Amino acid sequence: MGCFAFFKTNPKSRDRKYKPGGGAVSTETTSSSNYETSRSNESTGGKHTSKSTASTSSQRSISAMFEEKAGVLRVFELAELRSATNDFSRMLKIGEGGFGSVYKGFIRSADGKGDRITVAVKALNQRSLQGHKQWLAEVHFLGVVEHPNLVKLIGYCSDDGERGIQRLLVYEYLPNKSLEYHLFNRAATPLPWNVRLQIALAAAEGLAYLHEGLEIQVIYRDFKTSNVLLDNEFKPKLSDFGLAREGPAGDKTHVSTVVAGTHGYAAPDYIETGHLTTKSDVWSFGIVLYELLTGRRSLDRNLPGNEQKLLDWVKQFPVESRKFSMIMDPRLKHQYSLKAAREVAKLADRCLVKQAKGRPAMSEVVGVLKQAVEITEAPPPQPSAPTNSERGKQKPTGS
């Protein structure tokens, strides 16, 4: 993966700050936005991709939209975030990934008034060559999007001092960890069926907003259970927008990009061609639907050979067959609507159609999941009162 000019050693670059919308803020003159450079070259060694820059008069780019809303995000000093996390104490570490580590922190409001606010602070791994690019993507995308099922970015920190490049993000704190934790960690309390459906529905609404609710398409590109975080009421919010991309503009049908994402969730057509569309997200959503139904990971090497790949295993139990219930998560203990479960499985199969064009739009997925929720919440049918003829046939009880 290519490096940015921003990372090159420059004796004049110390102690400067980086403004996501307009390059480095320094006494030295700097080049144009590294984000624009990374978008056009997309880590292909300088080879230009076919992605539209969305610079037409009818459609603005994410970076242009960000310029309008940049003032909404709070700019933190590094010292402030060190204090908030007790100097990035290991005791406050709540997560770790390719980007770096995530810490629980406590900050004051911008005016310094009121009680401290609990936040999550993500710190860039300084050895990550792609970390700055993903940090910048998160700032730009999360600085623009606004939806109850997308994590809220409170602000960011950029500091290039004697200790090297420091890139941090400050999010709202979500106390109930991730969907991955509650589905696959046996120490966690199993999620009830109705909660799983509500999580699926809300996550689908978040994706539908990205695909259809903005003036440009946003392709999430990394939908998986570990990126679905849960608030104190178990309402989901999509997190980690480091791999998000603008969708195709104008007459373009796709974005051409180096394949990125997570093994087991990425669509096969995207892996084979590098052509990214919103239907790539739909495939990933289909995988997660089956994980919600089964309580199994998309790929689990700890299972017997014929059960390791989730999609291969569920094919043995067709949706309309009597064997279908065999795939259901045993931790549900049969406390679910079989009819709704079948509808969800049918939807998952549609999301997992090999040809991308045959997959439903996320707005259609939302509609089907709403119906599944209604089926689950519908009261069970009451037994009908016996007719007069049936009453006459009833045998008296007792003496």
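The values are calculated or read from the model by the stated rules, or taken from the named source; none is laboratory data. Quick caveat: nothing in here was measured; it's all calculated off a predicted structure. All Cβ positions, even for glycine, are placed from backbone atoms using ideal geometry, and neighbour counts span all protein chains on display.
The numbered conditions (1) surrounded by 21 or more Cβ atoms within 10 Å (Cβ to Cβ); (2) among the polar types (S, T, N, Q); (3) more than 28 Å from His275 (Cβ to Cβ); (4) within 12 Å of the chain's Cα centre (by Cα) are all true for Ser178 except (1). Annotation note: of Tyr209, Tyr181, Tyr171, the sole residue that is assigned to a strand (DSSP E or B) and of a type in the set (Phe, Trp, Tyr) is Tyr171. For the stretch 239-257, the candidate set comprises residues that are of a type in the set (Ser, Thr, Tyr) and buried (at least 20 other Cβ atoms within 10 Å of the Cβ); within that set, the residue that is modelled with the lowest pLDDT is Thr257. Among the residues making up the stretch 274-327, those that are in contact (Cβ under 8 Å) with a residue 40 or more places away in the chain, closer than 13 Å to Ala341 by Cβ and part of a helix (DSSP H, G or I) are Leu289, Tyr290, Leu292, Leu293.
Quick one: in the stretch 258-269, of everything that is touching a residue at least 60 places away in the same chain (Cβ under 8 Å) and closer than 14 Å to Gly286 by Cβ, which residue is surrounded by the fewest Cβ atoms within 10 Å (Cβ to Cβ)? Among residues in the stretch 258-269 that are touching a residue at least 60 places away in the same chain (Cβ under 8 Å) and closer than 14 Å to Gly286 by Cβ, the one surrounded by the fewest Cβ atoms within 10 Å (Cβ to Cβ) is Pro268.
The residue of the stretch 165-189 that is farthest from Phe241 (Cα to Cα), among those that are touching a residue at least 60 places away in the same chain (Cβ under 8 Å) and aromatic (Phe, Trp, Tyr), is Phe184. The set of residues in the stretch 161-173 that are touching a Lys or Arg at 6+ places or on another chain (Cβ under 6 Å) and surrounded by fewer than 19 Cβ atoms within 10 Å (Cβ to Cβ) contains only Glu172.
With respect to the stated conditions, Asp87 fails to be surrounded by fewer than 17 Cβ atoms within 10 Å (Cβ to Cβ), more than 16 Å from Asp159 (Cα to Cα) and of a type in the set (Asp, Glu). Residues in the stretch 328-368 that are more than 15 Å from Thr294 (Cα to Cα), free of Cβ contacts under 8 Å to residues at least 24 places away in the same chain and assigned to a helix (DSSP H, G or I): Gly358, Glu364, Gly367.
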